[in-house]
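The values are calculated or read from the model by the stated rules, or taken from the named source; none is laboratory data. Please read these numbers as outputs of a predicted model, since none were measured by experiment. FYI the Cβ positions are ideal-geometry reconstructions off the backbone, even for glycines, and counts take in every protein chain you see. Remember, those area values only see protein heavy atoms, side chains included, never the ligands or the DNA or RNA. Shrake-Rupley method; radii C 1.70, N 1.55, O 1.52, S 1.80 Å.
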Amino acid sequence: MMRTPTVVRAEGLPERVTIYEVGPRDGLQNESGLVPTAVKAEFVQRLLAAGLPIVEATSFVHPKWVPQLADAADLMTLLGETGRDLPVLVPNDRGLDRALELGCRHIAIFGSATETFAQRNLNRGLDEQFAMFEPTVRRAREAGLDVRAYVSMCFGDPWEGAVPVEQVVEVGKRLFDLGASQLSLGDTTGVGTAGHVTSLVRAFGDAGMGTDRLAMHFHDTYGQALANTYAALRAGITTYDASAGGLGGCPYAESATGNLATEDLVWMLHGLGIETGVDLEQVVSTSVWMAAQLGRPSPSAVVRALGGTVGPGTAESGA
Ligand code: HMG
Ligand code: MG
């Protein structure tokens, strides 16, 4: 059984890519059952042990809006010093207060490219969202925190349909102007296709926001996530969000299913000779273990292909 792809480099692609793991946050926020805090902490630890350089841990959002992550403070306490370097989602001042109390050093705000999703996800209009973020980002920066900003619905919106590229660029620019260091362009419901990715990245570049400050956040709802990643690689993007085992979705966008699976991404990148620092087998065994915790198999093609060969392992061995 082949456990690694044959490496053949393709022209014009980056040498190295940073994978920004969102499984514990984007993955688990959408689970119907409650996952015990200790299981979440083990999930995070195992992903770090597998070489994932950034693991987004949880969200300091309203616990009624996302009950699955209501244990954010307990999780961060359990993770201790390790947790302080992991990014957490923060939508507003109240979320920032909670994150600061726990010593968090990296936060991510999450804006919407469309009016309807801003209303549904943030209870704010498209313009109002910036008024909510402004004091939060300012205070976070003053406290020395790093601020990432997501933009959702960059490639289409289930309520509004097509989303003009210029509208996404405008929202992205306003988030950078607030003080974000990196923008993650989200295909929240996975409807985007490769040419659209190329044109969006180009439009950001034309507006002075280069690939060094952009990340891509693909969901695999329509099976396009890897094709879209390849287009983004060709356009020069070197940071990709992914979720171990393909867990995830967004509770406020019904048609959002799992994120691009970390394992599927790693298989493609390693086959292309692109370094990630990630140990594929350890991520697969983590997802096999997590699938057992959740009581259903992982939707990731690579986890299905390799899962039988690696076993769930343990937190200590990670293999
Ligand atoms: P709101 O109800 O408008 O809040 O919610 P508010 O400002 O009117 O405050 C109402 C009450 O909530 C107050 O309490 C606040 O203290 C409290 P009261 O004074 O009435 O007792 N409150 C909070 N409590 C705890 N933590 C907080 C907080 N904020 C207010 N942070 C809010 C506005 C933004 C809070 C709400 O809409 C919310 O929590 N939304 C989060 C939704 C969410 O987490 N969605 C999923 C993440 S986004 C995503 O998945 C997309 C992404 O992956 C990229 C992609 O795929 O596109 C990132
Ligand atoms: Mg997402």
Exercise. Can you tell which of Ala291, Ser152, Ala113 lies farthest toward the positive end of the dipole of the chain, using +1 and -1 charges on the Cβ of basic and acidic side chains (Lys, Arg; Asp, Glu)?
Worked result: Ala291
Problem set entry | segment 18-307 - charge dipole about Cα centre, Lys and Arg +1 at Cβ, Asp and Glu -1, debye rounded to 20 | 140
For this session: Enumerate the calculated ³J(HN,Hα) couplings along segment 56-65 in order (Karplus 6.51 cos²θ - 1.76 cosθ + 1.60, θ = phi - 60°), each rounded to whole Hz, writing x wherever the residue is Gly or Pro.
Result: 6, 8, 5, 9, 9, 9, 5, x, 6, 6
Exercise. Excluding ligands and nucleic acids, what accessible area in Å² is computed for Leu100 using a 1.4 Å probe, to the nearest 10?
Worked result: 60
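In Å², what does the accessible area per residue of the chain work out to with a 1.4 Å probe? Spell out each step's value before the answer.
Details: 12390 Å² over 319 residues.
Here the per-residue accessible area is 39 Å².
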Exercise. Probe 1.4 Å, all protein chains in place: accessible area of His62 in Å², nearest 10?
Worked result: 90
Exercise. Got a sec? What order do Glu275, Glu31, Glu134 fall in by accessible area at 1.4 Å, biggest, i.e. largest, first?
Worked result: Glu275, Glu134, Glu31
Seminar exercise, completed: Along segment 14-29, Karplus-curve 3J(HN,Hα) (6.51, -1.76, 1.60; θ = phi - 60°) to the nearest Hz, with x for Gly and Pro, reads x, 6, 9, 10, 9, 9, 9, 7, 10, x, x, 9, 5, x, 7, 5
Exercise. Calculated from DSSP H runs of 4 or more alone, at -39500 (n - 2.57) each and per residue, what is the 222 nm mean residue ellipticity of the chain, nearest 500?
Worked result: -12500 deg cm²/dmol
Seminar exercise, completed: Scoring the chain by relative contact order with C-alpha pairs under 8 Å, at least six apart, yields a percentage of 21
Exercise. Sorted by accessible area (1.4 Å probe), largest first, how do Leu75, Leu48 line up?
Worked result: Leu48, Leu75
Problem set entry | Exposed trypsin sites (Lys or Arg not before Pro) absent - longest run of the chain, DSSP non-H/G/I/E/B, at most 12 other C-beta within 10 Å | 65-319
Exercise. What do you get for Rg/Rh over segment 18-307 if you use C-alpha atoms and the Kirkwood form of Rh?
Worked result: 0.93
Exercise. At a 1.4 Å probe, what is the % contribution of carbon and sulfur to the accessible area of the chain?
Worked result: 51
